[in-house]
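Presented below is the structure to which this report refers.
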Amino acid sequence: MTEKEIRRILARCTVGIAGCGGLGSNCAVALARIGIGRLVLVDFDRIEESNLIMQYYFSDHLGMPKVEALQANIGRIDPRVLVSTHFERLTPENIPVLFRGCDVVVEAFDHADQKLMIIETIQEIMPEMPLVSGSGMAGWGGNDLIRTERSGNLVICGDLQTEVSDEMPPLAPRVGIVSSMQANEVLDILIKKSL
């Protein structure tokens with residue numbers, strides 16, 4: 001399949017991004033670079049200086065809602081990508097509404113309870129929706145431990161064990177690896193759906 005054929009397929013696709021921090025911002029940028037047609041960005045947070053070490057933002061974005069800054073960055077990469085933004089917290093009630101019409105949803109939350117909430121909500125209310133999650137990307141090294149696991153429509157990328165802590169912070173290299181793995185899984189799902 002040629003790049004042109006891949007882009008033709010992706011131009012018709014919509015991907016939801018739940019959380020626009022390290023995983024979500026980098027995954028969204030990777031998808032924009034390969035020609036995704038539409039992104040639905042949902043996050044309730046604003047950019048802080050500490051975000052700049054691993055998230056796809058710049059110092060002039062400080063204080064902006066992450067969804068707005070990410071929309072601007074994607075517009076600079078490829079203005080053909082349609083970006084819908086929602087500056088709000090995801091809940092079991094609004095997940096089905098915000099991600100209606102998406103072909104795939106990417107879970108990119110920081111906290112385990114939020115990850116569990118979106119996984120359970122999508123599996124219960126939208127069981128046909130493919131969900132690509134990230135788990136275990138804190139720290140450094142351990143490339144050989146990072147993997148992908150699948151269970152039905154759920155795909156999890158990461159080492160599935162390394163939790164974020166003060167002693168084991170999320171850093172750009174591992175977060176970047178996992179976010180790229182998520183984007184690659186989204187690409188795989190969308191291409192297989194089109195065949």
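When you scan segment 148-176, how many residues do you find that are within 13 Å of Ser133 (Cα to Cα) and surrounded by 15 or more Cβ atoms within 10 Å (Cβ to Cβ)?
The total comes to 10.
So which residues in segment 120-134 are within 25 Å of Ser165 (Cα to Cα) and surrounded by fewer than 18 Cβ atoms within 10 Å (Cβ to Cβ), if there are any at all?
The one that is within 25 Å of Ser165 (Cα to Cα) and surrounded by fewer than 18 Cβ atoms within 10 Å (Cβ to Cβ): Glu120.
Look at Leu41 and say whether it is within 12 Å of the chain's Cα centre (by Cα) and modelled with pLDDT of 95 or more. Give the steps one after another, and end with the answer.
Details: within 12 Å of the chain's Cα centre (by Cα): yes; modelled with pLDDT of 95 or more: yes.
Answer is yes for this residue.
Restricting the search to segment 96-121, which residues are under 13 Å from Val42 (Cβ atoms), at pLDDT 95 or above and in contact with a strand residue (DSSP E or B) (Cβ under 8 Å, 6 or more places away or on another chain)?
Leu98, Phe99, Cys102, Val105, Val106, Glu107, Ala108, Ile118
Which one is surrounded by the fewest Cβ atoms within 10 Å (Cβ to Cβ) among residues in segment 13-37 that are in contact with a strand residue (DSSP E or B) (Cβ under 9 Å, 6 or more places away or on another chain) and more than 21 Å from Leu90 (Cα to Cα)?
Kept after step one, since they are in contact with a strand residue (DSSP E or B) (Cβ under 9 Å, 6 or more places away or on another chain), are these residues of segment 13-37: 13-25, 27-28, 31-32, 36-37.
Adding the requirement that they be more than 21 Å from Leu90 (Cα to Cα) leaves 13, 31-32, 36-37.
Numbers: Cys13: 22, Leu31: 28, Ala32: 23, Ile36: 30, Gly37: 18.
The extreme case among them is Gly37.
Yes/no matrix, rows are residues, columns are (1) polar (S, T, N, Q); (2) within 18 Å of Ile53 (Cα to Cα); (3) out of contact with any Gly (no Cβ under 7 Å at 6 or more places or on another chain):
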residue	(1), (2), (3)
Ala112	no, no, yes
Ile118	no, no, yes
Ile122	no, no, yes
Ser135	yes, no, no
Gly142	no, no, yes
Asn153	yes, no, yes
Ile156	no, no, yes
Asp166	no, yes, yes
Val178	no, yes, no
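As an exercise: evaluate Thr162 against (1) under 28 Å from Pro96 (Cα atoms); (2) in contact (Cβ under 8 Å) with a residue 12 or more places away in the chain; (3) not in a helix (DSSP H, G or I) and give the number of the one condition it does not meet.
(1)
The values are calculated or read from the model by the stated rules, or taken from the named source; none is laboratory data. Predicted model, so just to flag it, every value in this text is computed and none were measured. We place every Cβ from the backbone using ideal geometry, glycine too, and count neighbours over all the protein chains shown.
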